[in-house]
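Undergrad: Have a look at the structure that comes next, please.
The values are calculated or read from the model by the stated rules, or taken from the named source; none is laboratory data. These figures come from a predicted structure and were not determined experimentally. Every residue, glycine among them, receives a Cβ derived from its backbone with ideal geometry; neighbour counts consider all protein chains shown.
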Amino acid sequence: MALVGGGPGAFIGPVHRMAAELDGAIELVAGAFSRDPKKSRAAGEMWGLPGERVYDDWRAMIAAEAARDDGAELVAIVTPNHLHLPIARAALQAGLHVISDKPATATLAEAQELRRLADAAGRLFGLTYTYTGYPMVREAREIVRRGDLGALRKVVVEYSQGWLAEAIEQGGDNKQAGWRTNPEEAGLGGCIGDIGVHAFNIAEFVSGARVAQLSAQLSRIVPGRALDDDCNMLLRFEGGAPGVLIASQVAAGDRNGLRLRVYGETGGLDWSHEQPDRLTVNWLARPTQVLHAGAPYLGAASLAATRLPTGHPEGFIEAFANIYRDFAAAIVAGAPAAEGVPDALEGLRGMAFVERAVASSLNDGAWTSLEDFR
């Protein structure tokens with residue numbers, strides 16, 4: 001693997017590196033870690049890479065690695081959103097596989113181009129929608145797929161953070177806040193593009209149903225902020241089931257409050273990121289069940305995503321690692337797709353969700369269709 005981004009001061013880059021290498025299926029061999037050559041070299045030294053495999057520019061890295069007999073086979077993209085498409089385009093056209101942090105691109109038009117590129121390249125493209133890697137999220141998906149809950153009736157997903165409750169981007173010292181609130185780097189969406197797409201993705205992943213329409217209200221709560229920092233919307237799923245999606249980065253005191261509830265005719269599922277190794281099933285006419293990660297009664301998809309015996313907590317790095325492991329297995333097998341790993345279509349739907357939510361909000365919450373993006 002070669003990594004683009006993730007230099008000193010980055011949050012998600014080191015997470016990608018740890019997750020990718022956790023199971024021994026992937027090795028970091030090269031990188032262009034920062035636009036600042038000194039910072040890129042510092043990151044390379046920290047991670048033990050030889051100097052000739054640490055690049056000042058991602059374009060030079062892709063060209064050089066594609067030409068090497070022992071070059072990288074996979075490029076991981078962990079940059080601000082506006083660089084996702086150009087890096088992915090160059091890597092795919094050079095014959096390399098690509099895995100990218102979400103959202104797929106900065107705009108819907110770019111996501112449409114990316115999907116065309118991925119389809120034409122004959123290489124795998126994956127997105128790290130991290131929460132799909134959790135064992136109990138995969139168990140929840142299987143419960144819905146088996147029909148245990150009956151027909152889908154309602155989906156409620158919420159993702160609340162408080163780290164942007166103050167204008168910390170205005171001081172210039174917080175790199176993460178700076179680019180996430182800057183339209184030139186983040187794209188059209190702020191909170192909706194950063195964590196709202198996670199909520200949208202996990203709702204579709206577990207329910208097995210596509211969102212057909214949405215009605216959104218996006219707000220800029222903190223004065224002077226250029227992008228939304230709070231999102232509230234109603235959803236309509238294919239088949240008619242209603243849904244609610246809430247995402248906020250100004251919920252003072254909240255940390256990483258992702259919660260998903262999926263209701264059917266005979267029961268409902270409840271999963272929270274604050275207790276990721278548990279899945280609660282509330283039945284209509286029988287006692288509540290609390291399922292635990294790693295337990296022998298779980299399905300194959302959940303058990304395959306668990307590394308430790310039940311009762312031993314696994315978390316964010318391991319969920320990330322499950323996505324990387326599945327992606328690496330597909331590369332080695334020469335498979336046309338990586339089973340269970342979000343792909344360019346999911347990236348397209350994520351960007352359609354962002355742009356349509358922004359459009360709906362500007363039109364006073366008018367119902368807006370997502371049915372063209374399937």
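Undergrad: With respect to the numbered conditions (1) more than 15 Å from Glu355 (Cβ to Cβ); (2) in a strand (DSSP E or B); (3) in contact with a Gly (Cβ under 8 Å, 6 or more places away or on another chain), which one is the sole condition not fulfilled by Gly178?
TA: Condition (2) is where Gly178 drops out.
Undergrad: Could you please give the count of residues in region 57-79 that are within 20 Å of Ser100 (Cα to Cα), assigned to a loop (DSSP other than H, G, I, E, B) and not polar (S, T, N, Q)?
TA: 4
Undergrad: State all residues of region 17-62 that are over 21 Å from His82 (Cβ atoms), under 24 Å from the mean Cα position of the chain (by Cα) and surrounded by fewer than 20 Cβ atoms within 10 Å (Cβ to Cβ); if no residue qualifies, say none.
TA: Within region 17-62, Met18, Glu21, Leu22, Asp23, Gly24, Ala25, Glu27, Val29 qualify.
Undergrad: If you don't mind, there's one more thing I want to ask. Anything in region 294-321 that is touching a strand residue (DSSP E or B) at 6+ places or on another chain (Cβ under 7 Å) and among the hydrophobic types (A, V, I, L, M, F, W, C)? List them, or say none.
TA: Hit for region 294-321 is Leu298, nothing else.
Undergrad: Now, a different point. From the list Pro276, Pro287, which residue is at pLDDT 95 or above, in the same structural domain as Glu166 (by TED's automatic domain parsing) and exposed (fewer than 15 other Cβ atoms within 10 Å of the Cβ)? Full working, then the answer.
TA: Values: Pro276 fails: exposed (fewer than 15 other Cβ atoms within 10 Å of the Cβ).
Only one candidate passes the filter, namely Pro287.
Undergrad: Shifting gears a bit: For region 1-16, which residues satisfy the criterion of being surrounded by fewer than 22 Cβ atoms within 10 Å (Cβ to Cβ) and either touching a residue at least 60 places away in the same chain (Cβ under 8 Å) or part of a loop (DSSP other than H, G, I, E, B) (or both)? Reasoning before the result, please.
TA: Just the residues of region 1-16 that are surrounded by fewer than 22 Cβ atoms within 10 Å (Cβ to Cβ), to begin with: 8-12, 14-15.
Listed by number, the residues that qualify are Pro8, Gly9, Ala10, Phe11, Ile12, Val15.
Undergrad: Suppose the filter is at pLDDT 95 or above, among the aliphatic types (A, V, I, L, M) and over 14 Å from Glu27 (Cβ atoms); does Met61 pass it? Please lay out each step first, then the result.
TA: Values: at pLDDT 95 or above: yes; among the aliphatic types (A, V, I, L, M): yes; over 14 Å from Glu27 (Cβ atoms): yes.
Yes.
Undergrad: Working carefully through the options Phe327, Phe353, Phe373, find the one that is modelled with pLDDT under 95 and either acidic (Asp, Glu) or closer than 21 Å to His84 by Cα (or both). Outline the logic, then answer.
TA: Values: Phe327 fails: modelled with pLDDT under 95; Phe353 fails: modelled with pLDDT under 95.
It is Phe373.
Undergrad: Hey, another quick one. Against the condition among the aliphatic types (A, V, I, L, M), within 22 Å of Gly334 (Cβ to Cβ) and assigned to a helix (DSSP H, G or I), how does Ala42 come out, does it pass? Let's see the steps before the verdict.
TA: On the way: among the aliphatic types (A, V, I, L, M): yes; within 22 Å of Gly334 (Cβ to Cβ): no; assigned to a helix (DSSP H, G or I): yes.
Taking the combined requirement at face value, the residue does not satisfy it.
Undergrad: Any idea which of Ala241, Ala293, Ala209, Ala251 is over 16 Å from Val358 (Cα atoms) and over 23 Å from the mean Cα position of the chain (by Cα)? Full working, then the answer.
TA: Working: Ala293 fails: over 23 Å from the mean Cα position of the chain (by Cα); Ala209 fails: over 23 Å from the mean Cα position of the chain (by Cα); Ala251 fails: over 23 Å from the mean Cα position of the chain (by Cα).
Only one candidate passes the filter, namely Ala241.
Undergrad: Hey, another quick one. Taking the stated definitions as given, is Asp194 out of contact with any strand residue (DSSP E or B) (no Cβ under 7 Å at 6 or more places or on another chain) and free of Cβ contacts under 8 Å to residues at least 40 places away in the same chain? Even if it seems obvious, please write down each step before you answer.
TA: Numbers: out of contact with any strand residue (DSSP E or B) (no Cβ under 7 Å at 6 or more places or on another chain): yes; free of Cβ contacts under 8 Å to residues at least 40 places away in the same chain: no.
So Asp194 does not fit the description; no.
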